[in-house]
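First the structure, in the form of structure tokens, and then the observations on it.
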Amino acid sequence: MAGTHGFGGQGLSDALTILGAAGIVIPAFARLKISPVIGFIIVGVIAGPFGLGAYTGTYPWLQAVTINDPGAIEPFAEFGIILLLFAIGLELSFKRLVAMRKSVFGIGAAELIGNATLIGAGLLAMGNSLNAAALLGLALAMSSTALVLPISGTNSPVGKAAFSMLLFEDLALVPLLFIFASLGGTGDLGQLLTVGWKAVLVIGVMLVAGRLLLPPLFAQAARTKSPELFQAVALLTVILASLATGGIGLSPIIGALIAGVLIAETDYRNEVEVITAPIRGLALGVFRTPAESAWPTAAAAAVGHLLPPAAPPAPDQPGMFSLVDPARVRRILTAAGFREVSLEPFDHMVQLAGRGGAAEAADFAMVFGPLTRVLPRLAQQQRDAVRRALEEFFAGHLTPEAVTLRATFWIVQARA
């Protein structure tokens, strides 16, 4: 979103958009037995800068439900991928990595080169130049670690093969970038060699320092009996390792993977895995009861006398309030394979409209929310009366900045 992205204001609105989407996507796709990752991609397309976010200039109220500045949340997405590879590293060991070398450089190389060749051949047949076909073939043959690993896992035969392919792609990223630059006429072999010797040096230092420093460091943290300090040491390790590999031109997730493997070799692997689980697991937001959340319900209640009577929805009927019951949330997530489910209340004042004031908020309520189920069945005269009543209601919640209403959520955390 445009504007300042701190903890408050637009930045918090972005967070609410993401958490609200998670509250819909994860339970819905778990019931359908489809990976929630697919749902998040769909929501990203709809709420992103090339979906509804492209219309925030014309309809400012869309800022409440869209993200039109991906750069503002990109660091959090990258950190999520880093933690994902760190978690995978905790499940590995140097012995297992050595045993995987044939899969990584065999299956991984075959997958990347084979797919790039097939895609490039197709592009060449469509009339593209050889350089363009080669470049696009290599680029399109790359896979998304964040998308594939949560679906495939790493323990099944398919998961092990997928991890080998993805690890090879991450290792091949720097040489591929050199190839891309060479095809464009700007490649520098010296730069590639520089990255190569820096990678050998930095990874070597990480391996030696990790073997020597991490055991006494975690032992000291354990003696304090402070979970917060233990977690801080673990996060410091993964962040420093990611910064080290990212700083020399490698992918930061290579550093995160190495950090996980180094910690897995210590006596504190299980403790680190447990203490970092909350930030590696599920985090989503779902609405609390309609009586507590004025943002989505107060407008409909204010014009209820103008609407035909309607039966209240069943507790399990899909909708924004289908997950208000903490016990039901726990049942759904437990059935989907999550554990250690916790719910914490979160309250926030949501800006429903900007400079358009009460009139803009009334327009928003007419096209988004529970009223949209009823309004199409009303005559135009009745809809006009509802519109006037809405504007009068929102005028009572108008501040110098915007119309603001209270929203209440459960912040749900769980471990997969």
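Going by a ≥ b ≥ c, the root eigenvalues of the Cα gyration tensor, does region 198-243 fall in the rounded group (a/c under 1.5), the prolate group (a/b larger than b/c) or the oblate group? Oblate, since a/c reaches 1.5 and b/c is not below a/b.
The simple Förster model, with R0 at 51 Å and r as the Cβ-Cβ distance, assigns residue 301 and residue 118 a FRET efficiency of 0.30. If R0 is taken as 51 Å, the Cβ-Cβ distance between residue 327 and residue 209 corresponds to a FRET efficiency of 0.60.
Length gained on full extension, residue 292 to residue 384: 30.3 nm, using 0.36 nm per residue less the C-alpha separation.
Note the full-extension length gain between residue 32 and residue 347 as 0.36 nm times their separation in residues minus their Cα-Cα distance, in nm to one decimal. Gain in length upon complete extension: 110.4 nm. Here residue 200 and residue 158 are evaluated by their C-beta separation; at R0 = 35 Å the FRET efficiency comes out at 0.65. Remark: spin-label model distance residue 97-residue 399 equals 5.0 nm, labels positioned 7 Å along the Cα→Cβ axis.
Net charge in the neighbourhood of residue 347 (other residues with Cβ under 13 Å of its Cβ; Lys, Arg +1, Asp, Glu -1) is 0.
As a rough footprinting exposure proxy, the listed residues 394, 230, 50 were ranked by other beta carbons within 10 Å of their own, and the order from fewest upward is 50, 230, 394.
All of the numbers you see were taken from the coordinates with simple rules; none came from a lab. Bear in mind that the values here come from a model prediction, so they are computed numbers and not experimental data. When we count neighbours, we look across all protein chains shown, and the Cβ atoms used for this are built from the backbone with ideal geometry, even at glycine.
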